[in-house]
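In what follows, a structure is listed as structure tokens, so that the remarks can point back to it.
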Amino acid sequence: MRNIFYLFIGVLFFSACSNDDYEKILPKNPALAVQIPENFPAVNAAYYTNTPTEFGVALGEKLFNDKRFSTDNSISCASCHIQSHAFADDKPRAIGVANREGIRNTPPIQNLAFMKFYNWDGSKLQLEKQAIVPIITHEEMDSSLSQVIAKISKDEDYTALFIKAFGDEEITSDRIYKSIAQYEYTLISANSKYDKVVRDKTETFTETEQQGYEVFQQKCASCHATALFTDQSFRNIGFPLNTNTNETGRARVTGNLEDYMSFRVPSLRNIAYTAPYGSFGQFNTLKEVLDYFDEGVLEADNLDPIFKENNNSIPLTEQEKEQLIAFMHTLSDAKFVSGK
Amino acid sequence: MKNIKKYILLTLTVLAIVSCSDDDSAPVANNVTLSFTNTFNDTPIVLGDATATEATENTSAAGQVHHFAELKYVISNIRLIETDGSEIPYHINNLDKGATVINQAKPQSLNYVLSDIPTGDYKQIKFGLGVRSDLNVLDETKFPNFYAAAGENDTEMMWEWGTGYRFTKIEGFYDADHKEMSIHTGSTIDDDEEGNFIQGVDAYRDITLDLTENAIVGSKAPKINIKADFNNLLSGKSNTITLTSGSGMNDNATPNVHTAVQMMKFVDNLGGNGQSDTKGMFSIQGVEN
């Protein structure tokens, strides 16, 4: 008993001390000036609790590219989220450690600060809560936070970066989540030809692109809305079904049958770099997607009303498809995918 | 500084009281063992593979014969209620110390020993089937022992995409042709930064059971015998369930029960609906003082 009492007094003593004379001068970690495009919707409220800093972002980028996040040190976040593919990849479904195949197509990582939902089924509402998913998932990195921290804590580069980013060298899960999210917040793509035409008015569409833009507004823009080209809703649009037994779309999160096989409307930005398309890579080309819409989608009880009201299809002439594809190519941001 | 003095005084007083009771003949605290018996009605469950003859068979209200090959569930948030109504929480915010995985295949897991329960007479027990949302994150650094007990990534007591633990995991077979049944439960609940939007399902269930007689903790360490009647899985107070195989949106035997779609019916049957039923499949068989 006595020991516990002394320990208690001891703890009080130390904590009292640290309140008074602890005034360490921390290295400067300036806030990063993130350019928020004027035509974009509001950022996720979580962003304001974790605004990017110079060293937070540098740390996040290093972590994003670190293969020690996977159990056998074979893949990093960047192995599937490849910059030249707008931080997606070119495979139908993501390939994790030991060539394990996941159930869904790798989503591009762009403009995430402006998203209200993360993952195709929207299972996470803050980016800071998302990073754990690929780390622990069997078909992705198959690791754990303790494993990751044990591996990187021996690395002096990280010690230095954690001090600069967070004030001391302690590596915690929360700091890992925060710094990766900060890095991802900076991945903003808003310099496509579309932006230069519509927002900056410094360029003009070709005739085909302009016609595509008009068809797009008429037949696509109710879902692919705003400057993000997604209204961030979840819809079942009757795409060929993923027969993987764990797939039910957003219903897997909500438990509502109305959400069965519904997925977040994908942004169309940089769509030319992110083939194949669909939640599990059902389509190899944009043309295949448009042909499918034109020919008619699968019937479902919860098929999106827009399709139900139009005989389960989006009728498109061959010329309209060409025009749409030309327009969608104006959403390519060459600077973003080259990293220059 | 004034506050600190107050704390020291308070600590001294508490210590004084605690050390006083040290002198008495009865110990200040003792163990309480929670002993779980998993049954179909009154018959203890024996596990077995598809064609095992020794496996305990059960027939549901809808007439489906079934048996289990694997049976696991998580117990956490344990509280004992004294006869005067005061609640003694047992490491309710620490999964390493206060949560366990009951695994029918591991007999030693069926007895969970609560240590250092204060001397007193207890009339009721409360516990959770599953893990409370505020603790339900698959971050190994938070509760490494429970994380290991839940089986890291290979015993499938984890929902990686939901980043939470699986609360119940049942593998088995049903109907004469031994079709596979695979029923997993877990929470998917999440809220946004400002708490304005909540999505997903909460599969955690709080259970309240009156003890058949008071558990008297003191010179003796009582044992509370708890029955978990898995007849409730398909034939519960909330739902009468008919299993169907397939991958359609209404199929429930396997595999899309791994998702939230059909899962909540099983959750309510096993753990109660959280309102009119706070017992679910659980009952007290007796108390051994």
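Rule-based calculations on the coordinates, nothing more; no lab input. The model shown is predicted, which means the values in this text are computed figures rather than measured ones. All Cβ positions, glycine included, derive from the backbone under ideal geometry; neighbour counts span all protein chains shown.
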Discussion item. Between the range B:187-261 and the range B:55-74, how far is it from one alpha carbon centroid to the other, in angstrom?
Written reply: 16
Worksheet item: Of B:Asn196, B:Gln275, A:Ser233, which is farthest along the charge dipole of the protein assembly as shown in the positive direction, counting Lys and Arg as +1 and Asp and Glu as -1 at C-beta?
Response: B:Asn196
Discussion item. Could you work out the relative contact order of the range A:45-185? I mean the mean sequence separation of Cα pairs under 8 Å and 6+ apart, divided by the number of residues, in percent.
Written reply: 32
Worksheet item: Summing Lys, Arg as +1 and Asp, Glu as -1, what charge do residues with Cβ under 10 Å from the Cβ of A:Glu54 carry, A:Glu54 excluded?
Response: +2
Worksheet item: What is the range B:2-288 by shape, rounded, prolate or oblate, if you read a ≥ b ≥ c off the alpha carbon gyration tensor as root eigenvalues and call it rounded for a/c under 1.5, prolate for a/b larger than b/c, and oblate otherwise?
Response: prolate
Discussion item. Over chain A, with a Gaussian network built from C-alpha contacts below 10 Å, which listed residue (A:Leu63, A:Leu228, A:Leu125) shows the highest mean-square fluctuation?
Written reply: A:Leu125
Practice prompt. Report the residue, chosen from B:Glu54, B:Glu87, B:Glu193, that carries the largest GNM mean-square fluctuation when chain B is represented by alpha-carbon nodes joined by springs under 10 Å.
Written response: B:Glu193
Discussion item. Compute a Gaussian network model of chain A, connecting alpha carbons closer than 10 Å, and tell me which residue from A:Leu303, A:Leu127, A:Leu257 fluctuates the most.
Written reply: A:Leu257
Worksheet, complete the sentence: Taking the dipole of the range B:2-288 about the Cα centre (Lys, Arg +1; Asp, Glu -1; charges at Cβ), the one of B:Thr37, B:Ile284, B:Gln108 that reaches farthest to the positive side is B:Ile284
Worksheet item: Which pairs in the list A:Lys67/A:Lys193; A:Lys28/A:Lys154; A:Lys91/A:Lys193 are over 31 Å apart, alpha-carbon to alpha-carbon?
Response: A:Lys67/A:Lys193
Practice prompt. Determine the sum of side-chain charges near B:Asp49: Lys and Arg each +1, Asp and Glu each -1, restricted to other residues whose C-beta is under 12 angstrom from that of B:Asp49.
Written response: -4
Discussion item. Taking the alpha-carbon distance from B:Lys237 and a cut-off under 14 Å, which aspartates and glutamates remain once sequence neighbours fewer than 8 residues away in the same chain are dropped?
Written reply: B:Asp229, B:Asp268, B:Asp277
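Relative contact order, percent, of chain A when contacts are C-alpha pairs under 8 Å separated by at least 6 residues?
20
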Practice prompt. Return the aspartates and glutamates within reach of A:Lys308: Cα separation strictly under 13 angstrom, same-chain partners fewer than 8 residues apart disregarded; answer none if there are no such residues.
Written response: A:Glu299
